[in-house]
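**Q** Before anything else, here's the structure in question.
The values are calculated or read from the model by the stated rules, or taken from the named source; none is laboratory data. Source: prediction; values computed, not measured. Positions of Cβ are generated from backbone atoms using ideal geometry, with glycine treated the same way; all protein chains shown enter the neighbour counts.
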Amino acid sequence: MKLSEYVTYDGVGLADLVARGQVTAAELASTARRASEAVNPRINAVVETWPAQDAPAPGSTPLAGVPFLIKDLAVTMAGRRVELGSRLAAGNVAGADSTLMTRLRRAGLVTLGRTTTPEFAYSTTTEGALYGPTRNPWDPTRSPGGSSGGSGAAVAAGIVPIAHATDAAGSIRVPAAANGLFGLKPTRGRISMGPDADEVFNGLAVHGVLSRSVRDSAALLDLVHGAEAGDPYSAQRPERPYAQEVTRSPGSLRIGLLTRPWGGRAVEGTVVDAALRSARLAESLGHRVEEVRVDLGVDWEEFVLANARLWTTNLAVWIDGLAAASGRPVDSTTLEPETLTSYAYGRTVGGTEFVQALAMRNGVARAIGRYFAEYDLLLTPTLPELPVPLGRYAEGAEGGDAVGWLRQVLHRSPFTAAFNVAGTPAMSVPLETDPATGLPIGIQFAAGHGREDLLFRLAGQLEQAAPWSQRTPAVWAGGAHGA
């Protein structure tokens with residue numbers, strides 16, 4: 001299969017070719033590797049590739065035979081390295097498949113390697129010391145976002161149609177916005193984090209994927225969702241497959257529009273304009289949109305501080321465990337400055353402060369829940385700015401403390417983290433571009449607890465009304481030499 005042909009299909013489309021015998025899973029895996037060889041040197045999104053495992057039965061699932069990549073964090077494949085983007089974990093090999101990996105195998109996906117992530121996913125840009133910066137396929141001088149930046153860049157550049165991602169404060173939606181992709185953060189408890197973890201960042205983090213089409217994300221969520229015995233959370237089962245929701249009418253929805261983020265940071269004019277155009281598009285489809293103010297339930301500085309306490313205490317436990325397993329020191333030779341500062345802070349957080357942070361989580365969840373009792377959805381920009389130039393993300397936070405670093409992370413992505421704290425689903429849809437640069441602008445839609453069905457219905461409608469698949473980045477496997 002030619003690269004120029006391969007990149008025209010989404011995952012469901014490729015699986016259909018396999019089911020009809022027009023191409024084999026092995027041929028698709030070979031094509032995906034050629035795509036990686038063609039574009040990865042320019043974007044640094046894939047850190048390691050692996051031979052394909054046994055090919056699934058053609059047609060056994062809607063994604064059987066589709067090339068796939070996993071993020072270098074939170075999912076483990078037996079016998080393969082998982083380094084969490086950190087020198088502290090360099091060379092670490094997983095002893096067993098995680099629950100999600102088992103489900104990805106059952107889904108028929110052919111996992112070919114792992115993608116870059118910032119150290120311990122503790123940033124929304126992907127510029128780690130272990131493997132160097134990942135570049136945005138739309139403009140290689142800019143960030144692809146994070147922490148699932150490698151997966152976002154790989155999908156955007158056409159290496160694979162869909163890739164694994166995680167999201168603790170926006171790490172699915174941020175790279176979706178930066179790379180012109182679709183990315184949905186599921187409800188807390190929708191996908192198991194087991195078996196080695198009951199929850200990650202006290203329920204703030206979830207698994208998901210990045211894709212070029214809405215139906216790919218829906219099809220994969222159908223194949224991997226559901227709780228395992230012992231999971232602390234369990235989202236209610238959907239009434240029907242999410243893949244069916246993509247083609248169902250959402251009806252007339254009541255949508256709130258929020259263009260000023262919590263915390264009050266300025267939003268670039270081109271981004272505000274994009275959100276307003278998206279609101280008008282929603283109105284043209286029969287939805288009712290009105291500007292709203294959404295109570296976060298807590299003061300912004302309390303939100304930042306409590307998140308910092310949750311994040312850093314979890315980080316400290318991870319780092320101590322890895323240091324003990326590897327025999328490596330916890331210092332500047334193994335950890336980046338922001339991580340080292342956050343680790344030190346996390347070890348000082350007391351039990352009462354940790355419980356107070358959990359109380360913040362409850363307050364935000366209650367406030368967001370009250371909003372969704374009145375409105376079906378909330379529309380916001382995903383990011384307040386265009387993808388930032390590489391090397392600029394940390395400006396203003398260099399040499400700061402752990403709380404200051406988390407404040408900077410949330411400053412760069414102030415619209416997304418509230419839904420991680422609340423545990424409710426949200427998606428970034430690549431509806432807009434910046435007229436001056438052509439860079440993608442993501443629009444976020446958030447829904448109430450367990451309402452991924454509503455998000456998929458609207459996403460399918462938006463994809464039909466304002467298709468984005470014809471837009472391709474500067475670094476694109478379909479345009480590679482010999483494609």
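**Q** I'd like to verify a number: residues in the range 4-30 that are closer than 20 Å to Pro51 by Cβ and buried (at least 21 other Cβ atoms within 10 Å of the Cβ), how many? Reasoning before the result, please.
**A** Initial filter on the range 4-30 (closer than 20 Å to Pro51 by Cβ): 6, 14, 18, 23-30.
So of that shortlist, the ones also buried (at least 21 other Cβ atoms within 10 Å of the Cβ) come out as 6, 14, 18, 25, 28-29.
Count: 6.
**Q** Please note which helices (runs of 4 or more DSSP H) are completely contained in the range 295-402 and include at least 2 residues that are closer than 24 Å to Ala177 by Cβ.
**A** Details: elements: 300-326, 337-346, 351-374.
Because the criterion is at least 2 residues that are closer than 24 Å to Ala177 by Cβ, the helices (runs of 4 or more DSSP H) in the range 295-402 that meet it are 300-326, 351-374.
**Q** Collect the residues in the range 59-94 that are surrounded by 22 or more Cβ atoms within 10 Å (Cβ to Cβ) and part of a helix (DSSP H, G or I), keeping them in residue-number order.
**A** Selection gives Leu88, Ala89.
**Q** Tell me yes or no: at least one residue of the range 437-458 is within 24 Å of Val267 (Cα to Cα) and surrounded by fewer than 17 Cβ atoms within 10 Å (Cβ to Cβ).
**A** The initial filter retains those residues of the range 437-458 that are within 24 Å of Val267 (Cα to Cα), namely 437-447.
In the following step, the residues that additionally are surrounded by fewer than 17 Cβ atoms within 10 Å (Cβ to Cβ) were identified as 437-438.
There is at least one residue in the range 437-458 that is within 24 Å of Val267 (Cα to Cα) and surrounded by fewer than 17 Cβ atoms within 10 Å (Cβ to Cβ).
Let's see how each residue does on (1) within 29 Å of Pro467 (Cα to Cα); (2) modelled with pLDDT under 95:
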| site | (1), (2) |
| --- | --- |
| Gly13 | yes, no |
| Val18 | yes, no |
| Val23 | yes, no |
| Thr49 | no, no |
| Gln53 | no, yes |
| Pro67 | yes, no |
| Lys71 | yes, no |
| Thr76 | no, no |
| Arg87 | no, no |
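**Q** Taking the range 140-197 as the region of interest, how many residues are among the acidic types (Asp, Glu) and surrounded by fewer than 24 Cβ atoms within 10 Å (Cβ to Cβ)?
**A** Here the count works out to 1.
**Q** Can you pull out the residues in the range 92-120 that are over 21 Å from His225 (Cβ atoms), small (Gly, Ala, Ser) and either touching a residue at least 24 places away in the same chain (Cβ under 8 Å) or in contact with a helix residue (DSSP H, G or I) (Cβ under 7 Å, 6 or more places away or on another chain) (or both)?
**A** Scanning the range 92-120 gives a single hit, Gly113.
**Q** Which members of the range 450-483 meet the condition of being closer than 24 Å to Leu285 by Cα, out of contact with any Lys or Arg (no Cβ under 7 Å at 6 or more places or on another chain) and assigned to a loop (DSSP other than H, G, I, E, B)?
**A** Correct list: Gly450, Arg451, Ala466, Pro467, Trp468, Gln470, Arg471.
**Q** Please verify whether Val47 is touching a Phe, Trp or Tyr at 6+ places or on another chain (Cβ under 6 Å) and touching a residue at least 24 places away in the same chain (Cβ under 8 Å), treating the condition exactly as stated.
**A** Numbers: touching a Phe, Trp or Tyr at 6+ places or on another chain (Cβ under 6 Å): yes; touching a residue at least 24 places away in the same chain (Cβ under 8 Å): yes.
Here the answer is yes, as Val47 does meet what is asked.
**Q** Please name all residue pairs, on different chains or six or more residues apart, with Cβ atoms under 6 Å, provided the first residue is in the range 291-309 and is in contact (Cβ under 8 Å) with a residue 40 or more places away in the chain and on the phi > 0 side of the Ramachandran plot and the second residue is surrounded by 14 or more Cβ atoms within 10 Å (Cβ to Cβ) and of a type in the set (Gly, Ala, Ser).
**A** Within 6 Å, the pairs are Gly297/Gly363; Gly297/Ala367.
**Q** Check whether at least one residue in the range 106-127 is assigned to a helix (DSSP H, G or I), at positive phi and surrounded by 22 or more Cβ atoms within 10 Å (Cβ to Cβ), and report yes or no.
**A** There is at least one residue in the range 106-127 that is assigned to a helix (DSSP H, G or I), at positive phi and surrounded by 22 or more Cβ atoms within 10 Å (Cβ to Cβ).
**Q** Another question about this same structure. Failed condition for Leu184, given (1) more than 26 Å from Pro41 (Cα to Cα); (2) among the aliphatic types (A, V, I, L, M); (3) not in a strand (DSSP E or B), with all others met?
**A** All conditions pass for Leu184, except number (3).
**Q** Hey, another quick one. If you scan the range 386-403, which residues turn out to be surrounded by fewer than 17 Cβ atoms within 10 Å (Cβ to Cβ), at pLDDT 95 or above and within 24 Å of the chain's Cα centre (by Cα)?
**A** Those that are surrounded by fewer than 17 Cβ atoms within 10 Å (Cβ to Cβ), at pLDDT 95 or above and within 24 Å of the chain's Cα centre (by Cα): Pro389, Gly391, Arg392.
**Q** Any idea which of (1) of a type outside the set (Gly, Ala, Ser); (2) crowded, with 19+ Cβ neighbours inside 10 Å; (3) over 22 Å from Ala19 (Cβ atoms) is the one Asp97 doesn't satisfy?
**A** The number of the failed condition is (2).
**Q** Condition check: surrounded by 14 or more Cβ atoms within 10 Å (Cβ to Cβ), in a loop (DSSP other than H, G, I, E, B), without any contact (Cβ under 8 Å) to a residue 40 or more places away in the chain and out of contact with any Phe, Trp or Tyr (no Cβ under 8 Å at 6 or more places or on another chain). Does Arg237 satisfy that?
**A** no
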